[in-house]
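Student: Right, I'll just put the structure down here and ask away after.
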């Protein structure tokens, strides 16, 4: 059982702050690091993996400094986002080499276990250069697993995978977490994180925006005011009816249609057709205008 | 030294098209030597010029540049170095292994061909051939350490290395005597000069100075590479 602790970790490049005062503990089980592209997830993972010095703050694994301490890799396994492995080696040669670099007592057996674990035996004797994206991801996974580490860091592991490969990898990650490992993976897709992680850390614009159970985060994300753009047969009449009903925080008549800010998402989507029907207005289009992940995240930051 | 890192590095260096690049120049040197021998123009003067201009001044720095930067720079650029760095291996072991591979490659593709070319040209006359072989070997070690360090320090290692070898050592060395003395090529030549009786081999640097500088460059280059590899930041994707 391993725990990684980040204490007030910041990282800046010149004048640009990539990660800003992040403090978090990552314990056993699956933790999802969620945030939009460019939020600083990779920078954070690089610092956790010992590939980048924090500009300030500390990253420790079970109390041991990660930066400039190669010994942590006995308990830490890392799956980098970048695709390139040693393309000229076969999968088996690559994993065996990784086992030897770890100076494992029986590198051959360890390599075989890792290859079996990711179900790559059928392709183990082909060169990695000829692997598909999903196969590369799995062989990289095997390379991180070969020494049976207590903690695993995965940087955007589902990128470029097809749905079937995604499910396989999710199963594998769940199994490993069930064995008591500490696993952190990054993603910019809420659904991925929700399906896999019991605990979520949200990073937005370099800041630690939210932390907790996925239900909690989900509620935070759906309980915010939702904006809709509605086009109808009679925008003015519809706007008047909605104001009279009182289910919206604000109603705005624009040349494009009626802009409505609803406080309760569920109630509003249930109510709108009824209000329209009662006032005899035909709805042409109901479009959420701020459902992008970025706007959900920025709402979380503003809170 | 780590045999696994050495195996991966050798395969990376010799597996790609780079191997052909490594072979081109030494084959040219051997062809030139054979041509001179067949036409009977292989007197000591010309043989020395060939070994010095083609061997020490061209083949050695270029091959050391390809090998020295090649053992590390592509891995750092492509991010594969992460697979080696995420292991509990002391960083000096990684650097020393990479350096050893570079030196073996320089020996195979520069020192050995120069030795063979020397044999074809002059045989063992006035010890010119063994003298140049030893000179190139010690020069090759210093060059390799220099270029391995450069590969860890800069993403533009090949460009900087080329500028050093071509502009500093070759061009500036012809005009400014000071620049000539601060050059691995001259130190290697000084070692060769000391080992042969042939008056055709002349160096501007005294042997003790050359030996000290060769050792210093090798040691500092290696140490610098270790220190920089310890705090190598992998470029963030963001």
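Student: How about the range A:11-25: which of its residues are surrounded by fewer than 22 Cβ atoms within 10 Å (Cβ to Cβ), away from chain B (no Cβ under 13 Å) and in a strand (DSSP E or B)?
Tutor: Of everything in the range A:11-25, those that are surrounded by fewer than 22 Cβ atoms within 10 Å (Cβ to Cβ), away from chain B (no Cβ under 13 Å) and in a strand (DSSP E or B) turn out to be A:20, A:21, A:23, A:24, A:25.
Student: Just to be sure I understand, how many residues within the range A:42-51 are more than 16 Å from residue A:26 (Cα to Cα), part of a loop (DSSP other than H, G, I, E, B) and modelled with pLDDT of 90 or more?
Tutor: 0
Matching residues to (1) surrounded by 19 or more Cβ atoms within 10 Å (Cβ to Cβ); (2) more than 14 Å from chain A (Cβ to nearest Cβ):
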| site | (1), (2) |
| --- | --- |
| B:150 | yes, yes |
| B:153 | no, yes |
| B:161 | yes, yes |
| B:174 | no, yes |
| B:210 | yes, yes |
| B:230 | no, no |
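Student: Looking at the range A:78-90, I want the residues that are at the interface with chain B (Cβ under 7 Å from one of its Cβ atoms) and have a partner that is assigned to a strand (DSSP E or B) and buried (at least 19 other Cβ atoms within 10 Å of the Cβ) with Cβ atoms under 6 Å, at least 6 apart or on another chain. Which pairs are those?
Tutor: Cβ pairs passing all conditions: A:78/A:153.
Student: Can you name the residue in the range B:26-41 that is modelled with pLDDT of 90 or more and farther than 16 Å from residue B:119 by Cβ and is also surrounded by the most Cβ atoms within 10 Å (Cβ to Cβ) among such residues?
Tutor: Applying the filter and picking the extreme gives B:28.
Student: Find all pairs meeting these conditions: Cβ atoms under 6 angstrom apart; at least six residues apart or on different chains; first residue within the range A:48-74 and more than 11 Å from chain B (Cβ to nearest Cβ); second residue surrounded by fewer than 14 Cβ atoms within 10 Å (Cβ to Cβ).
Tutor: These pairs meet every condition: A:57/A:8.
Student: Hey, residue A:30 hits all of (1) crowded, with 18+ Cβ neighbours inside 10 Å; (2) assigned to a loop (DSSP other than H, G, I, E, B); (3) away from chain B (no Cβ under 13 Å) but one; which does it fall short on?
Tutor: (2)
For (1) in contact (Cβ under 8 Å) with a residue 12 or more places away in the chain; (2) within 14 Å of chain A (Cβ to nearest Cβ); (3) outside any loop (DSSP other than H, G, I, E, B); (4) touching a helix residue (DSSP H, G or I) at 6+ places or on another chain (Cβ under 9 Å), each residue gets a yes or a no:
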| position | (1), (2), (3), (4) |
| --- | --- |
| B:22 | yes, no, yes, yes |
| B:56 | yes, no, yes, yes |
| B:60 | yes, no, yes, yes |
| B:76 | yes, yes, yes, yes |
| B:88 | no, yes, no, yes |
| B:105 | yes, no, yes, yes |
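Student: Now for a different question. From B:93, B:134, which residue is within 14 Å of chain A (Cβ to nearest Cβ), at pLDDT 95 or above and over 23 Å from residue B:160 (Cα atoms)? First the steps, then the outcome.
Tutor: Values: B:134 fails: within 14 Å of chain A (Cβ to nearest Cβ).
Just a single option satisfies the conditions, and that option is B:93.
The values are calculated or read from the model by the stated rules, or taken from the named source; none is laboratory data. Note that the structure is predicted; figures quoted are calculated from it, not measured. In this analysis, Cβ positions are derived from the backbone assuming ideal geometry, glycine residues included, and neighbour counts consider all displayed protein chains.
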